[in-house]
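The values are calculated or read from the model by the stated rules, or taken from the named source; none is laboratory data. Small disclaimer: the values here were computed from a predicted structure and weren't measured. Here the Cβ positions follow ideal geometry from the backbone for every residue, glycine too, while neighbour counts run over all protein chains shown. Each accessible area value is taken on the protein alone, full model and side chains, heavy atoms only, with ligands, DNA and RNA left out. Shrake-Rupley method; radii C 1.70, N 1.55, O 1.52, S 1.80 Å.
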There are 2 protein chains.
Amino acid sequence: MSERDPLVIFTPSGRRGRVPAGTSVLEAARRLGVDLDSVCGGRGICSRCQITPAFGSFPKHGLTVAPDALSPWNEVEERYRARRGLPQGRRLGCQARILADAVIDVPPESQLHRQVVRKRAEAREIVLDPVIRLHFVEVAEPDLHHPSGDMERLAEALAAQWGLPRPRVPLRVLQRLQAALRRGEWKLTCAVRRTGPGDGAEIVEIWPGFHEGPLCGVAVDVGSTTIAGHLCDLVTGEVRASSGMMNPQIRFGEDLMSRVSYAMQNPGGAAEMTAAVRGALDGLIGALAAEAGVDRSAILELVAVGNPVMHHLLLGIDPVELGWAPFALATAGPLDLPAVEIGLDLHPGARLHMLPCIAGHVGADAAAVVLSEAPDRSEDLVLIVDVGTNAEIILGNRQRILACSSPTGPAFEGAQISAGQRAAPGAIERVEIDPQTREPRFRVIGCDLWSDAPGFAEATARTGITGICGSGIIEAIAEMRMAGIVDASGLIGSAEQTGTARCIPDGRTHAYVLHDGRPAGGPLIAITNADVRAIQMAKAALYAGARLLMDRMGVDRVDRIVLAGAFGAHISPRHALVLGMIPDCPVEKVTSAGNAAGTGARIALLNAAARAEIARVVRRIEKVETAVEPRFQEHFVAATALPHASDPFPSLAAIARLPDIAFNAGEGGDRPRRRRRA
Amino acid sequence: MSERDPLVIFTPSGRRGRVPAGTSVLEAARRLGVDLDSVCGGRGICSRCQITPAFGSFPKHGLTVAPDALSPWNEVEERYRARRGLPQGRRLGCQARILADAVIDVPPESQLHRQVVRKRAEAREIVLDPVIRLHFVEVAEPDLHHPSGDMERLAEALAAQWGLPRPRVPLRVLQRLQAALRRGEWKLTCAVRRTGPGDGAEIVEIWPGFHEGPLCGVAVDVGSTTIAGHLCDLVTGEVRASSGMMNPQIRFGEDLMSRVSYAMQNPGGAAEMTAAVRGALDGLIGALAAEAGVDRSAILELVAVGNPVMHHLLLGIDPVELGWAPFALATAGPLDLPAVEIGLDLHPGARLHMLPCIAGHVGADAAAVVLSEAPDRSEDLVLIVDVGTNAEIILGNRQRILACSSPTGPAFEGAQISAGQRAAPGAIERVEIDPQTREPRFRVIGCDLWSDAPGFAEATARTGITGICGSGIIEAIAEMRMAGIVDASGLIGSAEQTGTARCIPDGRTHAYVLHDGRPAGGPLIAITNADVRAIQMAKAALYAGARLLMDRMGVDRVDRIVLAGAFGAHISPRHALVLGMIPDCPVEKVTSAGNAAGTGARIALLNAAARAEIARVVRRIEKVETAVEPRFQEHFVAATALPHASDPFPSLAAIARLPDIAFNAGEGGDRPRRRRRA
């Protein structure tokens, strides 16, 4: 390169350098380390290297670009435009040659490592860099006088044209290689799997000639209650379908420990549950493929996360050891295995990657939350609470990360609540109670109106008002507390004490009627004292877990709180604080991350380096076992109290010291227990 | 270590050094790099570290060993002796501690890398170092406060106790790990597969507590006609069973090209042949396991070799491309795949290793011959001929190796010969003809007597005299030539010309009667002129291939000749020379290597490094394609002549120049042809 060579500046990267006149834009990008995609290797077939040249004066760069800075539009481009279309002003980077100083813009969709859009600004970015890529190659024909295998010449082509190491080739690919090469006239597209720059490569699939996809992957979060998945296009990074379904294992037990008990008490019970969850996952994948309009065989990669019990059951590992101390995992590390080994009907070469587990009660789902929320990159001390049947709690920042799980039980999901139900149309999800009149108003899922708005009855006529879901219960009890209907100990007052006829006798205690649908043939939806107690238990477990981590970290407060999990997405931070579910924190510092575990799985699907990264981070997470920490018990007992109505943002550290727990000691000790080894 | 520390000398290695008093013999061996086996890692369980201490005066070493140089016989040894027995004078190396200067002998069976005995002195030694080994480990129990997976603790134990890298663990092992660890009380034996010191490790199988085998492997040579296998103990290296069977593909065609034609002409034909050979191999393995008295699931490793067509068919690759120029292999490199992928019922984690192919006509069987006969280590220029339906020919030494294959056809195996049959009881295998009387005598397989010995008729009454096998035909024709019954052109004389009534008319030519069994209801066994012609064709093809390599090497003679193949084992070198099958060479320099391909497969089974070694050697072999070499045709035509009877060790280079080929030109040009692409 000399001073007379044209200067080329790429935007938005700003990379610049001189290349010999006549160099293609694609080649110039490669030499200057500019991220410009190509599947066909510069043969004018794939069009992934589209660029937009800029002309005129660029004072910032001290450069004027002449109209003939690039070679003229050529017939390859014309043919491509005629057949497939090309946006105005675009050129194919492999065809346009640099003749004079030039400024070239690389649009986002032409970047190999393009950034995948995420909805929340605070979350980590996803850079597309999947473990599987398509590579188009031209393979040398066999030579009688220099005999070598077709496979060896393909490997040479992949090395020379794509810089790949000698790949492993499964027998099913080798069996079809010779016919494919001849049918494609010695041109072939390979799907190559590679987990990292230093790792080996594997040819997962081959197609004669040029093939541009679809090439898909699925990320799933296998929860105790729900299995949720995204089908992603591994070429573009976009989510092409999202779906969820109930985990059919629920028939073996609502919560994790009852499923472990089922495995312990029934010969073959673990295998039954394994078959159930695998069947459901296979069905979900089928639904995702149908929604995306792709064949199941286009799915080449699967990433799954789940709590340790789900992790083990999906793998066909008996979860019995997770049922008693010391809660030993069969394996904690990340796993990478053929998807067919867990009975999934995908592409025959598809692999399943499972994120590492953190501990016997803190699973790969929590690891996925860490990957998504990245406390390891946070300057602030962040408390992340993934609320589900079990709560996983993570506390940390750049310096240090702690994790535990807390047995909240299923009350937060509406189970074991008298009028409770899962979040579905007809369920009460938002509640407000007027502190003066103590009259409630509410909203139900599937309707945007509040219950006191005109037209509400008509709008909900189809679904009815069927019950109350987790977030509705949280809000109802928090509002009841703020309205003085329930006291700090959790007792609901009588009609006389509260001055509202909505407080009705219920055995030896009272209940508060939110909605009486009986005149219209519907249910009576009331919050009973037992419901309040169930929520007290659950929130105390959650709170105690968080406090335990704060004790261990040596802090009294956290900088921010992230509520994760499908349920976390619907909790009102203000009500969570009022109820004392989470430690004291400015309400604006409490945010929701949605299904962060699912997002973490999607990150691991789309970015190979993220897998190694989360494995490294997980190894340095300090695990705290709540089951044997005496302080957990102390925090738990103290945290069953409900904060004062007079103080909507109380110091929970102070409240935790209040001794006024009203229900009797026997019940107070009735926290969800874990089984110990006999 | 100080000068006061005891000096220990190990024999036969001669390694010596000082170790602190109290060091176990096993530990001392490790420190001094002495090859002393141990599976249990020094826990007094496996007894593989048996040693024989020597006492008294050792002037050679300037040492006197006191009776109390080692710690006294202990109760672990006593328990082992009582239960399992221990030869007189032996100690367990892990129990006996060095207290003073000592001389310790390591018997061959206690060497980890013990040498496996081979029958022939000139062949390369086999050092036992298989890809799979047993390792006994003690695994740390789980700790509630430092959660980690059972698998991770096993990996740590394997690293600390055996220096192994973090192993891969298949799901089927992971699924059983937790129960096995608890049943074995945190002691476990692992079968670990590792292809080389720099390669990863895989846990193939686990057993609770201590497990000492059996741990077996099978080496097979898949020939066009015969499939032969050895079942070897991977712990001791010994052959526990050997067996062979017919390749059932014979029903699709006698020779390779007719099988390729079958695949070309019949849809699904290749798949049929694949199913046939896989089924036969599975049956052979079953027979081997039964003979050795082990379960099929004890077989963890399989090495297979075969010519390119067999190689491809076994793998389920359509061999069609091997049927026409440029004879492209699907893959030439070594392969390593799960044995279950080719439908074999072995241990579920068993793998199949296939040696590399050299070229489209020179397969993994030839590579195995090279591994066994090691021309790359030879100072002499050696010609190796593997005689089967096709002949593979290798010429080389340390500096350079050439290879080709030659289409000899099946005549050498008794096919296409009027009275020909496979080598089986009742077949004539040795022939002598008196040059004066022109009367023959012969021996048949299954009987040690010559046909003119008393008791021969009785001794062969059971089998009868049923035909003549390949080696018998070679000898018969060579003897006929030396007795003047057949002339240099290959014509059998009449009774008048030869003076023996054994020459009878046979159409327009004559035949020579070896044995007339018709009076007793048996067959007439005669050598016809067509038989002579078939053998002339076959031997000319073999000779021409060898000459072609010699031309390429620029030599007129070779230092020695090795005849390989099951047939090669039975050929008389003298007759082969007389017949002009092989280039001129002193008869004592012609040796037989038996089934060298099978031996090569066995070497690759028992020694991991040999696999990498042969892959390296194969890459530098220069391949010569006989099908397109004009000189092959010239050599072939010239070599159809039979040497002069008057000169039992003629110069074949001179004979090759003789023009007296008697049969007509049309037939003379009728050499086995290979199909070309249309």
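In the range B:123-141, how many residues are in a loop (DSSP other than H, G, I, E, B), out of contact with any Phe, Trp or Tyr (no Cβ under 6 Å at 6 or more places or on another chain) and either under 28 Å from A:SER405 (Cα atoms) or open to solvent by 20 Å² or more (accessible area, probe 1.4 Å) (or both)?
3
Okay, residues lined up against (1) at pLDDT below 90; (2) closer than 30 Å to B:PRO53 by Cα; (3) within 14 Å of another protein chain (Cβ to nearest Cβ); (4) touching a helix residue (DSSP H, G or I) at 6+ places or on another chain (Cβ under 8 Å):
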| site | (1), (2), (3), (4) |
| --- | --- |
| B:GLN95 | no, yes, no, yes |
| B:ILE104 | no, yes, no, yes |
| B:GLU109 | yes, yes, no, no |
| B:HIS113 | yes, yes, no, no |
| B:ARG118 | yes, yes, no, yes |
| B:ARG124 | yes, no, no, yes |
| B:ASP129 | no, yes, no, yes |
| B:ASP143 | no, no, yes, no |
| B:PRO147 | yes, no, yes, no |
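Could you tell me whether any residue of the range B:163-180 is within 30 Å of the chain's Cα centre (by Cα), away from chain A (no Cβ under 14 Å), open to solvent by 50 Å² or more (accessible area, probe 1.4 Å) and at pLDDT below 95?
no
Hey, B:GLN416 hits all of (1) more than 11 Å from chain A (Cβ to nearest Cβ); (2) in contact with a Cys (Cβ under 9 Å, 6 or more places away or on another chain); (3) in a loop (DSSP other than H, G, I, E, B) but one; which does it fall short on?
(2)
Which condition number does B:GLU379 fail, the rest of (1) touching a Cys at 6+ places or on another chain (Cβ under 6 Å); (2) of a type outside the set (A, V, I, L, M); (3) over 30 Å from B:GLN497 (Cα atoms) being met?
(1)
Any idea which of A:GLY41, A:GLY14 is touching a residue at least 60 places away in the same chain (Cβ under 8 Å) and either at positive phi or within 38 Å of the chain's Cα centre (by Cα) (or both)?
A:GLY41
Only one residue in A:GLY41, A:GLY56, A:GLY33, A:GLY89 is touching a strand residue (DSSP E or B) at 6+ places or on another chain (Cβ under 7 Å) and within 30 Å of A:LEU158 (Cβ to Cβ), so which one is that?
Going through A:GLY41, A:GLY56, A:GLY33, A:GLY89 in turn, just one is touching a strand residue (DSSP E or B) at 6+ places or on another chain (Cβ under 7 Å) and within 30 Å of A:LEU158 (Cβ to Cβ): A:GLY41.
In the range B:256-283, which residue that is in contact (Cβ under 8 Å) with a residue 60 or more places away in the chain and within 12 Å of B:LEU346 (Cα to Cα) is least open to solvent (accessible area, probe 1.4 Å)?
Checking each candidate, the answer is B:LEU281.
Does A:VAL76 qualify as being among the β-branched types (Val, Ile, Thr), more than 14 Å from chain B (Cβ to nearest Cβ), over 38 Å from the mean Cα position of the chain (by Cα) and assigned to a helix (DSSP H, G or I)?
On the way: among the β-branched types (Val, Ile, Thr): yes; more than 14 Å from chain B (Cβ to nearest Cβ): yes; over 38 Å from the mean Cα position of the chain (by Cα): yes; assigned to a helix (DSSP H, G or I): yes.
Answer is yes for this residue.
For B:GLN421, which of the numbered conditions (1) open to solvent by 10 Å² or more (accessible area, probe 1.4 Å); (2) at pLDDT 90 or above fails to hold?
Here B:GLN421 meets the rest and fails (2).
Only residues that are out of contact with any Gly (no Cβ under 7 Å at 6 or more places or on another chain), at pLDDT 95 or above and not in a strand (DSSP E or B): list them for the range B:181-197, please.
The answer is B:LEU181, B:ARG182, B:ARG183, B:GLU185, B:TRP186.
Taking only pairs six or more apart or across chains, which ones have beta-carbon atoms under 8 Å, a first residue in the range A:183-196 that is over 15 Å from A:ALA157 (Cα atoms) and open to solvent by 50 Å² or more (accessible area, probe 1.4 Å), and a second residue that is of a type in the set (Lys, Arg) and modelled with pLDDT under 95?
If the second residue must be of a type in the set (Lys, Arg) and modelled with pLDDT under 95, the pairs left are A:ARG194/A:ARG133.
When you look at B:GLY565, is it touching a Ser or Thr at 6+ places or on another chain (Cβ under 7 Å) and open to solvent by less than 10 Å² (accessible area, probe 1.4 Å), yes or no?
So B:GLY565 fails the test.
Which residues, counting only those in the range B:147-178, are out of contact with any strand residue (DSSP E or B) (no Cβ under 8 Å at 6 or more places or on another chain) and without any contact (Cβ under 8 Å) to a residue 12 or more places away in the chain?
The answer is B:SER148, B:GLY149, B:GLU152, B:ALA159, B:ALA160, B:GLY163, B:GLN175.
Let me spell it out: the conditions are (1) free of Cβ contacts under 8 Å to residues at least 60 places away in the same chain; (2) on the phi > 0 side of the Ramachandran plot, and A:GLY213 meets all of them except one. Which number is the exception?
(1)
I need the helices (runs of 4 or more DSSP H) fully contained in the range A:525-638, keeping only those with at least 2 residues that are more than 30 Å from A:THR195 (Cα to Cα), at pLDDT 90 or above and touching a strand residue (DSSP E or B) at 6+ places or on another chain (Cβ under 7 Å).
A:529-553
Which residues, taken from the range A:142-162, are outside any loop (DSSP other than H, G, I, E, B), open to solvent by 30 Å² or more (accessible area, probe 1.4 Å) and not polar (S, T, N, Q)?
Passing the criteria: A:GLU156, A:ALA159, A:ALA160, A:TRP162.
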